[in-house]
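The values are calculated or read from the model by the stated rules, or taken from the named source; none is laboratory data. Since the model is a prediction, treat every value here as computed from it, not as a measurement. For neighbour counting, all protein chains shown are included, and Cβ atoms are generated from backbone atoms with ideal geometry for every residue, glycine included. Just the protein is used for accessible areas: all its heavy atoms, side chains included, with ligands, DNA and RNA removed. Shrake-Rupley method; radii C 1.70, N 1.55, O 1.52, S 1.80 Å.
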Amino acid sequence: MNEQTGRLMNPTYDDEEMKMKNVSGLRLTIHQMSLTKIDFVKYVVLFFGFDFESLASITPNTQVSFTDLFAYAEFMLFNNSNVEAGNVTVLMSSLLLISNLPEGLDAKGKENSENSRTYWFRFSIAESSMLSRSTIRNASALLKFVPFHFYGFSSHFLSTSSTTKHIAIAPRALARTPTSRTVPIPRAPVTPGSTDVVNSVCALLSNKNHLTTNLDLDHLLKRFKHTLTSDLVLQILMNYRLLGRAKTLEFFSWSGLQMGYRFDESVVEYMADFLGRRKLFDDMKCLLVTVSSHMGRLSCRTLSICIRFLGRQGRVREALCLFEEMEPKFGCKPDNLVFNNMLYALCKKEPTGELIDTALTIFRRIELPDKYSYSNVIIGLCKFGRFGTAIEVFDEMNRAGLVPTRSALNILIGDLCSLSAKEGAVERVKVRSTRRPFTVLVPNVNPKSGAIEPAVGVFWAANKLALVPSAFVIVQLISELCRLGQMQEAIRVLKVVEGDKLRCAEECYSVVMQALCEHRHVEEASNLFGRMLSQGMKPKLAIYNSVICMLCKLGNLDDAERVFKIMNRERCAPDHVTYSALIHAYGETRNWSAAYSLLKEMLSFGMSPQFHVYSIVDKLMREHGQIDLCLKLAVKWEAQILQKLCKQGQLEAAYEKMKSMLEKGFHPPIYVRDAFESAFQKKGKFKIARELLQKMDRVHQRESLTRNSS
């Protein structure tokens, strides 16, 4: 340390430079000094009148982090009345800017960028001296939340490492508060004065410096004991992301002791939500008992939050116990919010069904049930199979003019449709009374019947209230009506779907169209099919097949041909079901030409017709003397089957098919022969295929010579 630096480290007030305790005193020709970082930091600290020895006797060899210096400055501001806030602010600004300075401040070998840093340092301090006292105090608290970037050295000021590291410290002053679906989170009013205190307290609590972490909250926050209010406590608690769980709970306990736990309802509600989200249920119960014993305020909203979080985690009996103790222990009469949360836990989160009667008893205690009260009970009754009581509750709700939630409506209608589908169905029953248990198929003898009528009644009652179930439930309802043959009711429901322009309209049309065709309601099916086309819908292949099959079975070939043409015009590719239905119809009318054309078209698309379809056409053509066409058709059919076997890799079946074609005198086309060779070559059996093909070539040559000689 040179002489000039020594004078700076041990200043005397006779020295002209050190007498000026203002910003102009910092307008030193810093670039003319050769200072290390630690010397310069010591100089800045001493210049503003801080006790340097309280920093554990820092020497040039001691490593002190920038965070330590900053925490010390902030501690001095809040715990030492002799220190001016402006000095602390300028010191923290200085430390911020020092972090960007190089290791030495020797200007002889420095670039312009470093000189500009020095100039910026002096300019920043000069600017800060012009601020008012209140502005400086606010800045002192807010500087904690400014992102700090350190370049050229590690987190310790005196590190000799030359590796460049980037350290960003950017804690968030205000974090997003937890939310609850049922309870709006309280918002504390924000005032300029309270903001300063909140930021100061949060800065002290979130500081991880060893000088402050070892202090208890009573000593650390002694300045704020007499300024605590419920609004201030709530604002600090809302910064739980910055403070952490432990500090948040510690601060709440400390503030509770200071205020005798006589907080406003919003503070207790917030802490109940805070503890419930973190599953700290024992602490949540302790909170209620503590606030109640200190004559604090416990609202119905607070207890409803506790009940809901207990119910969410399946602790239904604990929630029920808390509900029963509301009035006798906490002196709080349950309101609809508490009732609804209790019903939510009993009806949705209780898996055994033992407490469903308790839920009904609690439901009957509500003076004016709302839509959520009814909906929770309906869901619980459906969950445990008590559909009769569920329908009664729904009718009561309908008479009261209340609209159920959509989830309750979906569950009620969907479960009734499922129950209707099970009536008369065959189920598997396992017999365990024998030495070897076995399973038998028995019909469902459930005494309940006619479940579809109540489902339709609930649908129409909800429709009058302008409430429509989900698309899945509507399709389920229409499908069950079609299965039972109640086509008129299904068409009525379909018209509602069409009128509301729901997304499931096309799927509902498909279900109804297929059912109409299955039951052979020609007129209704024709009208519905025409309505689909007029509305610009594109019927699916299943609808076309249903209509064509229905018309062919009824012998209406002209209409079937018209639908087939519409199908081709709409670019809906037919499948083997379409062709088979038309070929069967032409076979009934003995129209061999049309049947032959369709079968030939089917083979050209690579489809393999079933044997009975091919036999119908072959029989018709032989009856009409078309033997040559029969042979050509047989070759095409056999070649199609052979190609399919080769693609599927069934070499043994393909070999037998080729051998049988050779015996019949059929010669497959070139593309089928290539497919046959390729399939055997992939499996390493090309020699076997070559022998069979050579034999076929010899037979073909012999036949050619015979024809030429004759």
- [ ] Test residue 491 against the stated conditions and say whether it is under 30 Å from the mean Cα position of the chain (by Cα) and within 25 Å of residue 529 (Cβ to Cβ).
- [x] no
TODO: Note down all Cβ pairs under 9 Å where the first residue falls in the stretch 342-366 and is under 12 Å from residue 378 (Cα atoms) and open to solvent by less than 30 Å² (accessible area, probe 1.4 Å), the second is assigned to a loop (DSSP other than H, G, I, E, B) and acidic (Asp, Glu), and they're at least six residues apart or on different chains.
DONE: 356/350; 359/350
Open item on the list: If I go through the stretch 542-590 residue by residue, how many of them are open to solvent by less than 50 Å² (accessible area, probe 1.4 Å), over 28 Å from residue 620 (Cα atoms) and in a helix (DSSP H, G or I)?
Closed with: 2
TODO: Count, please, the residues in the stretch 367-380 that happen to be buried (at least 23 other Cβ atoms within 10 Å of the Cβ) and of a type in the set (Ser, Thr, Tyr).
DONE: 2
- [ ] Go through the stretch 638-674 residue by residue and tally those that are assigned to a helix (DSSP H, G or I) and open to solvent by 30 Å² or more (accessible area, probe 1.4 Å).
- [x] 17
Task: Among (1) under 28 Å from residue 419 (Cα atoms); (2) part of a loop (DSSP other than H, G, I, E, B); (3) not polar (S, T, N, Q) - the single one residue 366 does not satisfy - done: (1)
Open item on the list: Please go through the stretch 308-321 and give me each residue that is open to solvent by less than 50 Å² (accessible area, probe 1.4 Å) and more than 25 Å from the chain's Cα centre (by Cα), ordered by number.
Closed with: 316, 319, 320
Open item on the list: With touching a Gly at 6+ places or on another chain (Cβ under 9 Å) and polar (S, T, N, Q) as the only criterion, which of 626, 648, 640 stands out?
Closed with: 640
Task: Filter result for residue 631 (within 17 Å of residue 604 (Cα to Cα) and either open to solvent by 30 Å² or more (accessible area, probe 1.4 Å) or modelled with pLDDT of 85 or more (or both)) - done: yes
Open item on the list: So residue 269 passes all but one of these: (1) under 18 Å from residue 194 (Cα atoms); (2) modelled with pLDDT of 90 or more. Which condition number does it fail?
Closed with: (1)
Open item on the list: I need a count of the residues in the stretch 675-687 that are part of a helix (DSSP H, G or I) and not hydrophobic (A, V, I, L, M, F, W, C).
Closed with: 5
Task: Flag for residue 409 being assigned to a helix (DSSP H, G or I) and at pLDDT 95 or above - done: yes
TODO: Might you check whether a residue that is assigned to a helix (DSSP H, G or I), open to solvent by 60 Å² or more (accessible area, probe 1.4 Å) and in contact with a Ser or Thr (Cβ under 8 Å, 6 or more places away or on another chain) occurs anywhere in the stretch 382-402?
DONE: no
Open item on the list: I need the full set of residues from the stretch 215-265 which are assigned to a helix (DSSP H, G or I) and among the charged types (D, E, K, R), in order please.
Closed with: 218, 222, 223, 225, 231, 241, 245, 247, 250, 265
Task: Evaluation of residue 699 against (1) surrounded by 17 or more Cβ atoms within 10 Å (Cβ to Cβ); (2) aliphatic (A, V, I, L, M); (3) farther than 16 Å from residue 606 by Cα (one fails), failing number - done: (1)
Open item on the list: Tell me whether the stretch 251-265 contains one or more residues that are under 30 Å from residue 343 (Cα atoms), surrounded by fewer than 23 Cβ atoms within 10 Å (Cβ to Cβ) and modelled with pLDDT of 90 or more.
Closed with: yes
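Okay, residues lined up against (1) touching a strand residue (DSSP E or B) at 6+ places or on another chain (Cβ under 8 Å); (2) at pLDDT 95 or above; (3) closer than 19 Å to residue 308 by Cα; (4) not hydroxyl-bearing (Ser, Thr, Tyr):
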{"position": "342", "(1), (2), (3), (4)": "no, yes, yes, yes"}
{"position": "349", "(1), (2), (3), (4)": "no, no, yes, yes"}
{"position": "352", "(1), (2), (3), (4)": "no, no, yes, no"}
{"position": "363", "(1), (2), (3), (4)": "no, yes, yes, yes"}
{"position": "367", "(1), (2), (3), (4)": "no, no, no, yes"}
{"position": "374", "(1), (2), (3), (4)": "no, yes, yes, no"}
{"position": "379", "(1), (2), (3), (4)": "no, yes, yes, yes"}
{"position": "386", "(1), (2), (3), (4)": "no, no, no, yes"}
{"position": "393", "(1), (2), (3), (4)": "no, yes, no, yes"}
TODO: Go through 439, 434 for me and flag whichever is in contact with a Lys or Arg (Cβ under 7 Å, 6 or more places away or on another chain), of a type in the set (Ser, Thr, Tyr) and open to solvent by 50 Å² or more (accessible area, probe 1.4 Å).
DONE: 439
Task: Residue count for the stretch 322-334, restricted to those that are in contact with a Ser or Thr (Cβ under 9 Å, 6 or more places away or on another chain) and either in a helix (DSSP H, G or I) or surrounded by 16 or more Cβ atoms within 10 Å (Cβ to Cβ) (or both) - done: 4
- [ ] Look at residue 694 and say whether it is among the polar types (S, T, N, Q), assigned to a helix (DSSP H, G or I) and either within 52 Å of the chain's Cα centre (by Cα) or closer than 29 Å to residue 615 by Cα (or both).
- [x] no
Task: Check on residue 359, among the aliphatic types (A, V, I, L, M) and within 23 Å of residue 298 (Cα to Cα) - done: no
Task: Only listed residue being under 23 Å from residue 344 (Cα atoms) and either without any contact (Cβ under 8 Å) to a residue 24 or more places away in the chain or surrounded by fewer than 21 Cβ atoms within 10 Å (Cβ to Cβ) (or both), chosen from 247, 285 - done: 285
